[in-house]
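The structure appears below as structure tokens.
The values are calculated or read from the model by the stated rules, or taken from the named source; none is laboratory data. Fair warning: this is a prediction, and the values are worked out from it, not measured in the lab. Positions of Cβ are generated from backbone atoms using ideal geometry, with glycine treated the same way; all protein chains shown enter the neighbour counts. All accessible areas refer to the heavy atoms of the entire protein, side chains included, with ligands and DNA or RNA removed. Shrake-Rupley method; radii C 1.70, N 1.55, O 1.52, S 1.80 Å.
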Amino acid sequence: DAKTTQPPSMDCAEGRAANLPCNHSTISGNEYVYWYRQIHSQGPQYIIHGLKNNETNEMASLIITEDRKSSTLILPHATLRDTAVYYCILLISNFGNEKLTFGTGTRLTIIP
Amino acid sequence: GAVVSQHPSRVICKSGTSVKIECRSLDFQATTMFWYRQFPKQSLMLMATSNEGSKATYEQGVEKDKFLINHASLTLSTLTVTSAHPEDSSFYICSATPGGTGVGTDTQYFGPGTRLTVL
């Protein structure tokens, strides 16, 4: 799987939008972009994923550039509970058998 | 939906004993389950992939005789750490995927993790 690059840490003020970037310049055409987050001492939580189009759900929005070489996860109104490590991961669809490879992620701190 | 549970959440054991950790998908059938390990201040590392009714596939460097995985049903997988030693102390996390060909079948849903401390 192609690798991703994320900033090691970011701060965001509570109530503001948190924009987390991810570079994946060697992404393959059949690789999805997945985002997970891990709050301290908990299992990772699925946030959102996409292939080409921008996606939105109740948690976040995912913006994927037209060339698919980068993406941005947007938390529209960050709260203190959004403080976590966020992982951007590429995954080839394989009917549920494909493993996730976690990098170091971005440690997002929401500041009151 | 898509809830995965683990039991126990925390376990302390003596060196040399075996510990079993259960992973259950509560509201879906999981064709594939994954086991990860996470040491302090490090990222998750995949240990093995298990499919219901077949032997688990272990990642390089993971001892299959030490970390026994059983995926006996579509909702339950177990990880047994045999003859545990202090260096096995870690945070063990499982995940499960619905599998198949429908939307979201590749999404892995994670359990809350099990903190193992070997004295």
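Side notes on the structure shown:
- Within region A:74-104, the only residue that satisfies the criterion of being at pLDDT 95 or above, among the small types (Gly, Ala, Ser) and part of a loop (DSSP other than H, G, I, E, B) is A:78.
- Unique match (being modelled with pLDDT under 95 and acidic (Asp, Glu)) among A:31, A:55: A:31
- All positions within region A:9-45 that are surrounded by fewer than 19 Cβ atoms within 10 Å (Cβ to Cβ), within 14 Å of chain B (Cβ to nearest Cβ) and within 24 Å of residue A:67 (Cα to Cα): A:30, A:32
- One residue from B:86, B:40 being loosely packed, with under 12 Cβ neighbours inside 10 Å and closer than 23 Å to residue A:89 by Cα: B:40
- The set of residues in region B:12-36 being within 16 Å of residue B:65 (Cα to Cα) and within 13 Å of chain A (Cβ to nearest Cβ) consists of B:21, B:35.
- Residue in region B:52-68 that is among the aliphatic types (A, V, I, L, M), under 13 Å from the mean Cα position of the chain (by Cα) and closer than 18 Å to residue B:111 by Cα present: no
- Condition met for residue B:12 (assigned to a strand (DSSP E or B), open to solvent by 30 Å² or more (accessible area, probe 1.4 Å) and β-branched (Val, Ile, Thr)): yes
- The single condition among (1) of a type in the set (S, T, N, Q); (2) within 13 Å of the chain's Cα centre (by Cα); (3) open to solvent by 30 Å² or more (accessible area, probe 1.4 Å) that residue A:106 does not meet is (3).
- Test set (1) outside any helix (DSSP H, G or I); (2) surrounded by fewer than 16 Cβ atoms within 10 Å (Cβ to Cβ); (3) at pLDDT 95 or above - residue A:62 fails condition number: (2)
- Counting only strands (runs of 3 or more DSSP E) wholly contained in region A:1-55, the ones carrying 2 or more residues that are without any contact (Cβ under 8 Å) to a residue 24 or more places away in the chain occupy A:45-50.
- Of the criteria (1) over 17 Å from residue A:31 (Cα atoms); (2) away from chain B (no Cβ under 12 Å); (3) open to solvent by less than 20 Å² (accessible area, probe 1.4 Å); (4) part of a strand (DSSP E or B), which one residue A:71 fails: (1)
- Complete set of residues in region A:74-112 that are within 14 Å of chain B (Cβ to nearest Cβ) and among the hydrophobic types (A, V, I, L, M, F, W, C): A:84, A:85, A:88, A:89, A:90, A:91, A:92, A:95, A:100, A:102
- The one condition in (1) touching a Lys or Arg at 6+ places or on another chain (Cβ under 8 Å); (2) open to solvent by 50 Å² or more (accessible area, probe 1.4 Å) that residue B:48 fails to fulfil: (2)
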